[in-house]
Amino acid sequence: MNKKLDDIFRRMFAAFGPQHWWPGESPFEVMVGAVLTQNTNWGNVERAIGRLKQEGILSPQAIYEIPLSLLSSYIQSAGYYNIKAGRLKNLISFFVEEYEADTEKMFAEDTEALRQKLLVIKGIGPETADSILLYAGHKPTFVVDAYTQRVISRHLLIAEDADYEEIRALFMDRLPCDAALFNEFHALFVKLGKTYCKKKTPLCQDCPLNGL
DNA sequence: TGCCAGGCCGGGT
DNA sequence: ACCCGGCATGGC
């Protein structure tokens, strides 16, 4: 394990403890949440998921069959609801048609092969695909998000203009390939980012990573 | 009150 | 191959 990354992980873990991600009750719920949370506050997503439950349609078959306009009205609180309704449909259609809505079957596939298939789906980009693989499938892939990017560029670990795959490779090349580690690491980046590394505060005062 | 949140796509250069 | 506008709600 790379020393600098090890230090970062230890400091974040010491500061915040285990994050218990993903906050969802089933692999399927994680898949839905992964789409709904695109560029969106998690609180708004929870409300949308609650609504889907309340309407009794938080299941692959129900989402597969429901009219697009009705789906978008239920997920309104998550924002971008017209776009996201379509993206959800795309993902769930793939899930139903290719794997009979069976997560066991889907995640039995080779991780890298499945990742490439997810990336073909319209509305599923690298972060959403990796979130599904890691948090729904417990597959060892590193999730990179805006917080991860901001934190590591502020702490001078990588060029500011590094792209997604570059940053993902940085972690995957230097860490043991362990889904539980990747899970906690990413969740801690989000926690740290929310607490100390916001956009508006260029100086991360009291950030546990200061002085590394 | 504006700015921001656990992105991604499509069209233009 | 990049760059940018669009998509939208709710909390602080």
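The values are calculated or read from the model by the stated rules, or taken from the named source; none is laboratory data. What you see is a predicted model; the values in this text were computed from it and never measured. Here the Cβ positions follow ideal geometry from the backbone for every residue, glycine too, while neighbour counts run over all protein chains shown.
Under the condition of being of a type in the set (A, V, I, L, M) and farther than 18 Å from A:GLY137 by Cα, which residue from the range A:79-119 is farthest from DNA strand C (Cβ to nearest atom)? The qualifying residue farthest from DNA strand C (Cβ to nearest atom) is A:ALA85. Scan the range A:179-198 and give yes if some residue there is loosely packed, with under 12 Cβ neighbours inside 10 Å, away from DNA strand C (no atom under 16 Å from the Cβ) and either over 15 Å from A:PHE16 (Cα atoms) or free of Cβ contacts under 8 Å to residues at least 12 places away in the same chain (or both), otherwise no. Yes, there is a match, as at least one residue in the range A:179-198 is loosely packed, with under 12 Cβ neighbours inside 10 Å, away from DNA strand C (no atom under 16 Å from the Cβ) and either over 15 Å from A:PHE16 (Cα atoms) or free of Cβ contacts under 8 Å to residues at least 12 places away in the same chain (or both).
If you check A:LYS117, A:LYS139 for being of a type in the set (D, E, K, R), modelled with pLDDT of 95 or more and either buried (at least 18 other Cβ atoms within 10 Å of the Cβ) or farther than 22 Å from A:VAL96 by Cβ (or both), only one passes: A:LYS139. Taken over the range A:142-166, residues that are more than 12 Å from DNA strand B (Cβ to nearest atom) and either in a helix (DSSP H, G or I) or buried (at least 21 other Cβ atoms within 10 Å of the Cβ) (or both) amount to 5.
State which residue is surrounded by the most Cβ atoms within 10 Å (Cβ to Cβ) when the search covers only the range A:34-60 and only residues that are under 19 Å from A:ILE132 (Cβ atoms) and more than 15 Å from DNA strand C (Cβ to nearest atom).
Per the stated criteria, the residue is A:ALA34.
Those helices (runs of 4 or more DSSP H) of the range A:1-113 in which at least 1 residues are within 16 Å of DNA strand B (Cβ to nearest atom), considering only elements entirely within it, cover A:3-16, A:27-36, A:42-54, A:68-74, A:81-99. If I filter the range A:68-78 for residues that are buried (at least 16 other Cβ atoms within 10 Å of the Cβ), within 16 Å of DNA strand C (Cβ to nearest atom), within 17 Å of the chain's Cα centre (by Cα) and within 24 Å of A:LEU119 (Cα to Cα), do I get at least one hit? Within the range A:68-78, one or more residues are buried (at least 16 other Cβ atoms within 10 Å of the Cβ), within 16 Å of DNA strand C (Cβ to nearest atom), within 17 Å of the chain's Cα centre (by Cα) and within 24 Å of A:LEU119 (Cα to Cα). The residue list A:LEU91, A:LEU36 contains one member that is within 19 Å of the chain's Cα centre (by Cα) and in contact (Cβ under 8 Å) with a residue 60 or more places away in the chain, which is A:LEU91. Being crowded, with 16+ Cβ neighbours inside 10 Å, touching a Ser or Thr at 6+ places or on another chain (Cβ under 8 Å) and aromatic (Phe, Trp, Tyr) is a description that applies to A:TYR81.
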